[in-house]
Amino acid sequence: MKWYAGSDHAGLELRRELVAVLRDRGEEVEDLGTDSPESVDYPDYGQAVAKRVVAESALGLLVCGTGNGIAMSANKVKGARAALVTESFTARMARMHNDANIIVFGSRVVGAGTAAEALKAFCDAEFEGGRHQRRVDKMMAAEE
């Protein structure tokens with residue numbers, strides 16, 4: 001599966017660590033930056049990743065300070081389902097029940113080890129469909 005990754009300045013280091021986790025698992029990752037600790041605006045990166053994820057039926061990884069701003073920005077893109085997670089259970093359920101296509105972390109909220117485990121859980125989970133498909137369809141219909 002193709003992945004796109006992005007972060008603002010606050011998420012730079014955690015994003016780099018998590019991209020390495022994905023690549024170590026054999027995933028193809030295109031890292032859209034930022035590549036500098038200088039202040040940037042999280043909507044630019046959240047929406048850039050979300051647009052690529054939706055257009056290419058890929059998966060995404062986003063990181064900012066709390067995860068909130070970049071998740072909200074990504075979710076403004078039609079077809080994006082960005083889930084802010086802090087641990088493995090929520091990450092797994094985001095894929096299995098909500099068909100999340102973007103995982104989001106707050107670098108000031110979750111440590112690198114916990115984030116890596118949650119990312120792995122997200123990767124290993126698959127959407128269950130069934131009753132969950134009906135709910136995802138209702139959620140996505142709100143974009144109309």
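The table below gives the values:
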{"quantity": "Options (1) 41, 39, 28; (2) 43, 29, 26; (3) 49, 30, 21 - which one matches Cα extents along the principal axes in Å as calculated here", "calculated": "(2)"}
{"quantity": "The chain, helix-only ellipticity at 222 nm - DSSP H runs n ≥ 4, -39,500 (n - 2.57), divided by all residues, nearest 500", "calculated": "-14500 deg cm²/dmol"}
{"quantity": "Among Asn101, Ser36, Met140 the positive-end extreme of the charge dipole of the chain (Cβ point charges)", "calculated": "Met140"}
{"quantity": "About the Cα centre, charge dipole magnitude for the chain (Lys/Arg +1, Asp/Glu -1 at Cβ), debye", "calculated": "520 debye"}
{"quantity": "Rounded FRET efficiency, nearest 0.05, which uses the C-beta distance separating Glu13 from His132 and R0 of 41 Å", "calculated": "0.75"}
{"quantity": "Taking Ser39, Ser73, Ser7 and counting other C-beta atoms within 10 Å, the order from fewest to most", "calculated": "Ser39, Ser73, Ser7"}
{"quantity": "Sites Ala141 and Glu28 - FRET efficiency at Förster radius 30 Å, r taken between beta-carbons, to 0.05", "calculated": "0.45"}
{"quantity": "23 Å Cα-Cα reach of Lys76 towards lysines, excluding residues that sit fewer than 8 places from it in its own chain", "calculated": "Lys2, Lys51, Lys138"}
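Taken together, the values in this text are just the output of simple stated rules run on the coordinates, not laboratory data. Keep in mind that this is a model prediction, so the values were computed, not measured. FYI the Cβ positions are ideal-geometry reconstructions off the backbone, even for glycines, and counts take in every protein chain you see.
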